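Engineer: Sending over a structure as structure tokens; questions will come in a sec.
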Amino acid sequence: MKILLTGGAGFIGSAVIRHVIDDTWHSVVNVDKLTYAGNLASLGEVSDSSRYAFEQVDICDADALRGVFERHRPDAVMHLAAESHVDRSIHGPADFIQTNLVGTGVLLEVARSYFETLTEEGRQAFRFHHVSTDEVYGDLEGPGGLFTESTPYAPSSPYSASKAGSDHLVRAWHRTFGLPVLVTNCSNNYGPYHFPEKLIPLMILNARAGKPLPVYGDGSQVRDWLYVEDHARALITVLESGVIGETYNIGGHNEHRNLDVVERICALLEELAPEHPVGVASYADLITYVKDRPGHDLRYAIDAGKISRELGWQPRETFDSGLRKTVQWYLENESWIEGVTSGSYREWTTHHYGSN
Ligand code: NAD
Ligand code: TYD
């Protein structure tokens, strides 16, 4: 299969591309605008493959997208490009509406026109796989209950509302125009190459730098964590074997309170990086309670039974094994971190691909 994948320079997209090149015979065209979150250094190992191509394109640009479809003639689309950070969506929702809603609408229209040019055989095989989040379901109160594929949508943040809207667009293009879509909604991912604005990498890097570890509110909110490579395998499983028009929830059955996650990171650092920054007696001393996020969702938890029963996917990492690997990766990959924290990867990108 030749997969046109949007957002492949991001955290999850780059994990999917690494998985495709390393573990399958598919080829992949990475369509990415390279926003602040897009970093081609995350693809270093695989970008020399003859099965990989890169196109620096904004998904809101219909003409440029049409050119990509015509040049590469993909068999499937995996749509991951998005603005993805809840806090940024609170400070500036416009980019989220533009990329997540308008961009998804533009991509659907270009994909539909392309789909209509395919042979009968090409149309039978074609898939449009939309990658979304469990945050579209809103939050769960108290410790009971799980999000299933039929939980009503009740998004809380501009991010989750824009993703919810994009899910509705994708389903409408299936129902109205017959585009063969697949939708997946996944819980919080963590792992290597995660941009350090999100909880886990931010805490690891701040702790190593001797900076405060900012826990929002009282840290009692619960997230359901999935190791990013498990998500990448789940996405390819759904693309290859999912039933057209169906939704699959993906999660790791790893629910943890934010404060517990931060404390576990501190404990792992005590073991793996025992030399503390100057003036720090223990990493946990850096934990600082800060003002809560407006509209902060209390608890997310996924029932991943459907994908397990119907497609045989199971996560391979436990939270203990995945978090240990993640902390270790951040301790061993200083050049990637240095590029991200100094912003030099963006200068490199501008130098090679022009500004965006
Ligand atoms: P990310 O922010 O790390 O990466 C997003 C990528 O999209 C970047 O490479 C960026 O350059 C690109 N992009 C942004 N706007 C674009 C545009 N207009 N045109 C082309 N490219 C553009 O995000 P991520 O964490 O890898 O998430 C990927 C997808 O998975 C998103 O759709 C997100 O909603 C979904 N998701 C994320 C999580 C999570 O925990 N991170 C969980 C479930 C679902
Ligand atoms: P985040 O990684 O931004 O993912 P999401 O908001 O999509 O779940 O945040 C995960 C949780 O951690 C969320 O409940 C907010 C909290 N959080 C903090 O307490 N401090 C921080 O500095 C950040 C970034 C997040």
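The values are calculated or read from the model by the stated rules, or taken from the named source; none is laboratory data. All of these numbers come straight from a predicted model, not from anything done at the bench. For neighbour counting, all protein chains shown are included, and Cβ atoms are generated from backbone atoms with ideal geometry for every residue, glycine included. For the accessible areas, the whole protein counts, side chains as well, though only heavy atoms, and no ligand, DNA or RNA atoms are used. Shrake-Rupley method; radii C 1.70, N 1.55, O 1.52, S 1.80 Å.
Engineer: Please enumerate the residues belonging to segment 196-220 that are touching a His at 6+ places or on another chain (Cβ under 8 Å) and open to solvent by 10 Å² or more (accessible area, probe 1.4 Å). It would help to see each step written out before you state the result.
Structural biologist: So the first thing to find is which residues in segment 196-220 are touching a His at 6+ places or on another chain (Cβ under 8 Å), and the list is 197-198, 200-201, 210, 216-217.
Glu197, Lys198, Gly210, Tyr216, Gly217, listed by residue number.
Engineer: Does Gly44 count as away from ligand 1 (no atom under 14 Å from the Cβ), surrounded by fewer than 18 Cβ atoms within 10 Å (Cβ to Cβ), modelled with pLDDT under 95 and not aliphatic (A, V, I, L, M)? Step through it out loud before you land on a result.
Structural biologist: On the way: away from ligand 1 (no atom under 14 Å from the Cβ): yes; surrounded by fewer than 18 Cβ atoms within 10 Å (Cβ to Cβ): yes; modelled with pLDDT under 95: yes; not aliphatic (A, V, I, L, M): yes.
Judged against the criteria, Gly44 is a match.
Engineer: Of the numbered conditions (1) within 12 Å of ligand 1 (Cβ to nearest atom); (2) buried (at least 18 other Cβ atoms within 10 Å of the Cβ); (3) over 23 Å from Ala161 (Cβ atoms), Asp61 fails exactly one; give the number of that condition.
Structural biologist: Status for Asp61: all satisfied but (2).
Engineer: Would you pick out the residues in segment 77-98 that are assigned to a helix (DSSP H, G or I) and open to solvent by 20 Å² or more (accessible area, probe 1.4 Å)? Lay out the reasoning, then the answer.
Structural biologist: Let us first name the residues in segment 77-98 that are assigned to a helix (DSSP H, G or I), namely 86-91, 94-98.
Result: Asp87, Arg88, Ile90, His91, Ala94, Asp95, Ile97, Gln98.
Engineer: Here's another thing I want to ask about it. Hey, among Val222, Val228, which residue is of a type in the set (Val, Ile, Thr), within 16 Å of the chain's Cα centre (by Cα) and under 24 Å from Tyr159 (Cα atoms)?
Structural biologist: Val228 is the lone residue from the list that is of a type in the set (Val, Ile, Thr), within 16 Å of the chain's Cα centre (by Cα) and under 24 Å from Tyr159 (Cα atoms).
Engineer: Only one residue in Thr176, Thr184 is under 30 Å from Val110 (Cβ atoms), hydroxyl-bearing (Ser, Thr, Tyr) and surrounded by fewer than 20 Cβ atoms within 10 Å (Cβ to Cβ). Which one?
Structural biologist: Thr176
Engineer: Give the number of residues within segment 101-151 that are open to solvent by less than 20 Å² (accessible area, probe 1.4 Å) and outside any helix (DSSP H, G or I).
Structural biologist: Matching residues across segment 101-151 total 9.
Engineer: I've got another one for you. If only one of Gly38, Gly10, Gly92 is over 26 Å from Phe177 (Cβ atoms), within 16 Å of ligand 2 (Cβ to nearest atom), within 17 Å of the chain's Cα centre (by Cα) and among the small types (Gly, Ala, Ser), which one is it? Before the answer, list the steps.
Structural biologist: On the way: Gly38 fails: within 16 Å of ligand 2 (Cβ to nearest atom); Gly92 fails: within 17 Å of the chain's Cα centre (by Cα).
The conditions single out Gly10.
Engineer: Let me spell it out: the conditions are (1) more than 30 Å from Thr24 (Cβ to Cβ); (2) over 18 Å from the mean Cα position of the chain (by Cα); (3) not basic (Lys, Arg), and Leu202 meets all of them except one. Which number is the exception?
Structural biologist: Condition (2) is where Leu202 drops out.
Engineer: Suppose the filter is at pLDDT 95 or above and either crowded, with 19+ Cβ neighbours inside 10 Å or not hydrophobic (A, V, I, L, M, F, W, C) (or both); does Val280 pass it?
Structural biologist: When the stated conditions are applied, Val280 does not pass them.
Engineer: Of everything in segment 7-30, what is in a strand (DSSP E or B) and either near ligand 1 (Cβ under 6 Å from one of its atoms) or open to solvent by 10 Å² or more (accessible area, probe 1.4 Å) (or both)? Give them in sequence order. Before you say what the answer is, go through the steps one by one.
Structural biologist: Step one: filter segment 7-30 for residues in a strand (DSSP E or B), giving 27-30.
Once the filter is applied, which keeps residues that are in a strand (DSSP E or B) and either near ligand 1 (Cβ under 6 Å from one of its atoms) or open to solvent by 10 Å² or more (accessible area, probe 1.4 Å) (or both), segment 7-30 yields only Ser27.
Engineer: If you don't mind, there's one more thing I want to ask. Here's a check for you: in segment 253-266, which residue that is open to solvent by 10 Å² or more (accessible area, probe 1.4 Å) and within 15 Å of ligand 1 (Cβ to nearest atom) is farthest from Leu146 (Cα to Cα)?
Structural biologist: The qualifying residue farthest from Leu146 (Cα to Cα) is Asn258.
Engineer: Among Ile236, Ile250, which is farther than 23 Å from Ser150 by Cβ and open to solvent by less than 10 Å² (accessible area, probe 1.4 Å)?
Structural biologist: Only one candidate passes the filter, namely Ile236.
Engineer: Can you pull out every residue in segment 222-233 that is among the acidic types (Asp, Glu) and either surrounded by fewer than 21 Cβ atoms within 10 Å (Cβ to Cβ) or away from ligand 2 (no atom under 12 Å from the Cβ) (or both)?
Structural biologist: Glu229, Asp230
Engineer: Which pairs have Cβ atoms under 8 Å, sit 6 or more apart or on different chains, and link a residue in segment 154-168 that is of a type in the set (Lys, Arg) to one that is in a helix (DSSP H, G or I)?
Structural biologist: Close Cβ pairs (under 8 Å, with a partner that is in a helix (DSSP H, G or I)) amount to Lys163/Asn100; Lys163/Glu135; Lys163/Val136.
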